[in-house]
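The values are calculated or read from the model by the stated rules, or taken from the named source; none is laboratory data. None of the values given here were measured: they were computed from a predicted structure. No Cβ is skipped: glycine too gets one built from the backbone with ideal geometry, and neighbour counts run over all protein chains shown.
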Amino acid sequence: MFNQPFMKPGDIESGSSAQLYPMMMESPELRWSFIRKIYSIVAVQLLLTAVVGAVVISYHPIVTFLTTTNAGFACYILLIVAPFITLCPLSYYYQRHPVNYLLLGIFTVSLAFAVGLTCAYTSGKVILEAVILTAVVVVSLTLFTFWAAKRGYDFNFLGPFLFGAVMVLIVFSFIQIFFPLGKISVMVYGGLSAIVFCGYIVYDTDNLIKRYTYDEYIWAAVALYLDIINLFISLLTILRAADS
């Protein structure tokens with residue numbers, strides 16, 4: 001069941017914008033400005049990811065170098081771990097401009113390379129289908145979460161369940177490395193992963209509306225960006241397995 005808070009009394013300041021959710025005690029204008037800032041950052045991240053990914057996919061020598069040479073393999077490993085490494089200084093400098101944006105850029109570009117390498121051996125039709133499905137799901141869930149928040153629904157209870165589900169997915173992915181599973185199992189894994197990250201999109205959007213403070217815009221952007229990228233990878237896994 002959803003947790004529905006009490007409605008805010010009717011004596012709201014006159015002239016203020018529509019509230020995002022009942023019992024909202026802050027200025028709606030400030031929160032809407034914060035939300036627009038977050039989605040602007042995420043839009044730039046996604047655009048940068050699309051550009052870098054397209055370069056990696058279209059320029060084959062990059063993939064060849066990263067997958068067939070020792071130096072390239074070392075660079076490949078570095079690109080995989082770079083986003084996680086970048087999060088460490090970002091956690092310290094997330095309020096310090098412009099260092100926070102520089103670190104966010106490094107995080108995005110390194111992750112975009114990993115996404116590009118994931119798509120490198122996938123047909124363009126499958127990639128396009130994954131992109132369209134991701135866009136439709138993200139927009140639909142975002143609109144739903146704003147609609148639900150307006151009516152007093154709270155999705156904060158999802159946090160522990162989603163965290164536990166991600167732990168299961170991580171362990172399962174390690175198991176697949178040592179004990180590769182069949183096509184059906186890969187599709188099931190991708191489907192479960194997609195459901196989990198759909199839940200995270202709702203959960204993080206709800207936090208964006210209600211809980212993130214104004215100086216946490218970097219973390220809010222990182223959370224939504226990771227949700228979208230992981231959903232895309234999950235859908236790509238399903239479609240690629242089905243197409244093989």
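Identify the single condition in (1) out of contact with any Phe, Trp or Tyr (no Cβ under 7 Å at 6 or more places or on another chain); (2) modelled with pLDDT under 90 that V56 does not satisfy, given that it satisfies every other one.
Exception for V56: condition (1).
Give region 83-122 a look and list any residue that's loosely packed, with under 15 Cβ neighbours inside 10 Å and among the β-branched types (V, I, T), or say none.
I85, V99, listed by residue number.
Which numbered condition trips up Y153, out of (1) under 30 Å from M24 (Cα atoms); (2) among the aromatic types (F, W, Y); (3) in a helix (DSSP H, G or I)?
(3)
As an exercise: evaluate G159 against (1) closer than 12 Å to Y203 by Cβ; (2) of a type in the set (G, A, S); (3) in a loop (DSSP other than H, G, I, E, B) and give the number of the one condition it does not meet.
Condition not satisfied by G159: (3).
Please work out which residue is farthest from L66 (Cα to Cα), limiting yourself to region 122-143 and to residues that are in contact (Cβ under 8 Å) with a residue 12 or more places away in the chain and over 16 Å from the mean Cα position of the chain (by Cα).
Of the residues in region 122-143, the ones in contact (Cβ under 8 Å) with a residue 12 or more places away in the chain are 122-123, 125-127, 129-131, 133-134, 137-138, 141-142.
Restricting the remaining residues to those that are over 16 Å from the mean Cα position of the chain (by Cα) gives 122-123, 125-127, 129.
Details: T122: 17, S123: 19, K125: 24, V126: 23, I127: 21, E129: 26 Å.
Among those residues, the one meeting the criterion is E129.
Quick check on my filter: what residues within region 38-65 are part of a helix (DSSP H, G or I), of a type in the set (S, T, Y) and farther than 28 Å from N207 by Cβ? Give the steps one after another, and end with the answer.
The first filter runs over region 38-65 and keeps only residues part of a helix (DSSP H, G or I), leaving 38-58, 60-65.
Applying the additional criterion that residues be of a type in the set (S, T, Y) yields 39-40, 49, 58, 64.
Across region 38-65, the qualifying residues are S58, T64.
Please state which one of V137, V166, V188, V202 is farther than 30 Å from Y101 by Cα and either in contact with a Pro (Cβ under 9 Å, 6 or more places away or on another chain) or not charged (D, E, K, R) (or both).
Values: V137 fails: farther than 30 Å from Y101 by Cα; V166 fails: farther than 30 Å from Y101 by Cα; V202 fails: farther than 30 Å from Y101 by Cα.
After ruling out the rest, the residue left standing is V188.
Of the residues in region 162-209, how many are among the aliphatic types (A, V, I, L, M) and not in a helix (DSSP H, G or I)? Before you say what the answer is, go through the steps one by one.
From region 162-209, those among the aliphatic types (A, V, I, L, M) are 162, 165-171, 175, 177, 181, 184, 186-188, 192, 194-196, 201-202, 208-209; that's our starting set.
Pick out the ones that are also not in a helix (DSSP H, G or I) and you get 181.
The qualifying residues number 1.
Across region 204-222, which residue is farthest from S27 (Cα to Cα) among those that are surrounded by fewer than 21 Cβ atoms within 10 Å (Cβ to Cβ), without any contact (Cβ under 8 Å) to a residue 60 or more places away in the chain and not basic (K, R)?
N207
Can you say whether S185 is over 26 Å from L20 (Cβ atoms), of a type outside the set (A, V, I, L, M, F, W, C) and surrounded by 22 or more Cβ atoms within 10 Å (Cβ to Cβ), as far as the supplied structure shows? Outline the logic, then answer.
Values: over 26 Å from L20 (Cβ atoms): yes; of a type outside the set (A, V, I, L, M, F, W, C): yes; surrounded by 22 or more Cβ atoms within 10 Å (Cβ to Cβ): no.
When the stated conditions are applied, S185 does not pass them.
Just to check your reading of the model, which residue among V109, V81, V115 is among the hydrophobic types (A, V, I, L, M, F, W, C), free of Cβ contacts under 8 Å to residues at least 24 places away in the same chain and farther than 20 Å from Y212 by Cβ? Explain how you work it out, then say what you get.
Numbers: V109 fails: free of Cβ contacts under 8 Å to residues at least 24 places away in the same chain; V115 fails: free of Cβ contacts under 8 Å to residues at least 24 places away in the same chain.
The conditions single out V81.
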